[in-house]
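All remarks here apply to the structure that follows.
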Amino acid sequence: MDTLLKNQFYKLKDYQIMLIGWALILTVVCLNCTVHSLLIAKERVDIASSIVWSLQKFGVWLVMTPALCNAFNNARFTSQFNKYSVVGLYAIGFALAVNTVLDITLEKISWQESLFYQWHHHVIAYITIILVWQLKHTIFERNTEQHSELENTTAQPENEQLIEHEHDTLTIDDKHITLMDILFVKAAGNYIEVVTHSKTHLLRSTMKELETLLPTEQFFRCHRSYFVNLIHAKTVINERSGHGQIQLTTAQQVPVSKGKRKHAHALVSH
């Protein structure tokens, strides 16, 4: 039963998990208002008012959650910190604007007072969203990927050749990098950027030279300037331009050229 529940949880999309979380938070806030009315204020319990107040304070995040998850998955930034900072600037600014207007309209308080009492609530809400999103991608989905790889190894003998490269290394300029650690490789002029879980290695080599060093059953040249490690590939996202993106289990994305998109779908879905 526990395994079944975990599998069902893993299948939920990011925004679905966030919406479930916000529903629970709003429920707790409503219960808190009810307890306050009964035990402290000694007033009649007004559930409708509690729900309206909860939605007034946090409902904007409930509405923004799908857009935030989409931004986290598709926005292209040089680092996770930059992505979270820029997306957060817009999200918190929008939430503050909406709540300030509601406070001025419904509570009849000044905008300065509203901002002073509300800004930290929205910062905490945004940080909570980041933590939940990051937790799902770094722990739950990684466990799912490892479980899936284990099943495929047991059920499909033809994958043995791929697994044999788990302990192989890429050696360039006396630098030894374990193939399994590589997420993707990007061309950078006369150099290449080898991106791993822990760091990015800048090595002097070309994509043509690299093609002879990487096992073709594990690494796919999805773009003129990119190799992707298929072991870490999660799904292929189509773009209207005809290009695509390979989303990794780390939530990073690697470009796919028009001519390679169909092949990418076949490799990643396999």
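Just one of the numbered conditions (1) β-branched (Val, Ile, Thr); (2) surrounded by fewer than 16 Cβ atoms within 10 Å (Cβ to Cβ); (3) in a strand (DSSP E or B) is not true of Ile246: (2).
Count of segment 172-196 residues, restricted to those that are more than 25 Å from the chain's Cα centre (by Cα) and small (Gly, Ala, Ser), is 2.
To keep it simple, each residue is scored yes or no on (1) within 19 Å of Gln118 (Cβ to Cβ); (2) out of contact with any strand residue (DSSP E or B) (no Cβ under 8 Å at 6 or more places or on another chain); (3) modelled with pLDDT of 65 or more.
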{"residue": "Thr3", "(1), (2), (3)": "no, yes, no"}
{"residue": "Gln8", "(1), (2), (3)": "no, yes, no"}
{"residue": "Leu19", "(1), (2), (3)": "no, yes, yes"}
{"residue": "Leu24", "(1), (2), (3)": "no, yes, yes"}
{"residue": "Thr27", "(1), (2), (3)": "no, yes, yes"}
{"residue": "Ser37", "(1), (2), (3)": "no, yes, yes"}
{"residue": "Arg44", "(1), (2), (3)": "no, yes, yes"}
{"residue": "Lys57", "(1), (2), (3)": "yes, yes, yes"}
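Conditions tested, residue by residue: (1) outside any strand (DSSP E or B); (2) closer than 25 Å to Asp168 by Cα.
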{"residue": "Ala187", "(1), (2)": "no, yes"}
{"residue": "Leu210", "(1), (2)": "yes, yes"}
{"residue": "Thr216", "(1), (2)": "yes, yes"}
{"residue": "Arg221", "(1), (2)": "no, yes"}
{"residue": "Lys234", "(1), (2)": "no, yes"}
{"residue": "Lys260", "(1), (2)": "yes, no"}
{"residue": "His265", "(1), (2)": "yes, no"}
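With respect to the conditions (1) surrounded by fewer than 19 Cβ atoms within 10 Å (Cβ to Cβ); (2) over 22 Å from the mean Cα position of the chain (by Cα), Leu214 falls short on a single one, namely (1). Every condition in (1) touching a residue at least 40 places away in the same chain (Cβ under 8 Å); (2) within 16 Å of His176 (Cα to Cα); (3) in contact with a helix residue (DSSP H, G or I) (Cβ under 7 Å, 6 or more places away or on another chain) is met by Ile192 except one, and the failing one is (1). Pairing each residue of segment 106-133 that is within 11 Å of Ala95 (Cβ to Cβ) and assigned by TED's automatic domain parsing to the domain that holds Phe94 with any residue that is among the hydroxyl-bearing types (Ser, Thr, Tyr) and modelled with pLDDT of 80 or more, provided the two are 6+ apart or on different chains, yields C-beta distances under 8 Å for Gln118/Thr100. Residues in segment 223-247 that are in contact with a strand residue (DSSP E or B) (Cβ under 6 Å, 6 or more places away or on another chain) and of a type in the set (A, V, I, L, M): Val228, Leu230, Ala233, Val236, Ile237, Ile246.
Among the residues of segment 171-185, those identified as part of a strand (DSSP E or B) and not aliphatic (A, V, I, L, M) are Thr171, Lys175, His176, Thr178, Phe184. For segment 189-198, a residue qualifies if it is assigned to a strand (DSSP E or B) and over 19 Å from Thr235 (Cα atoms), and the qualifying residues are Tyr191, Ile192, Glu193, Val194.
The values are calculated or read from the model by the stated rules, or taken from the named source; none is laboratory data. The shown structure was predicted, so the numbers you read here are calculated from the model rather than taken from an experiment. Every residue, glycine as well, gets a Cβ built from its backbone with ideal geometry; the counts of neighbours run over all protein chains shown.
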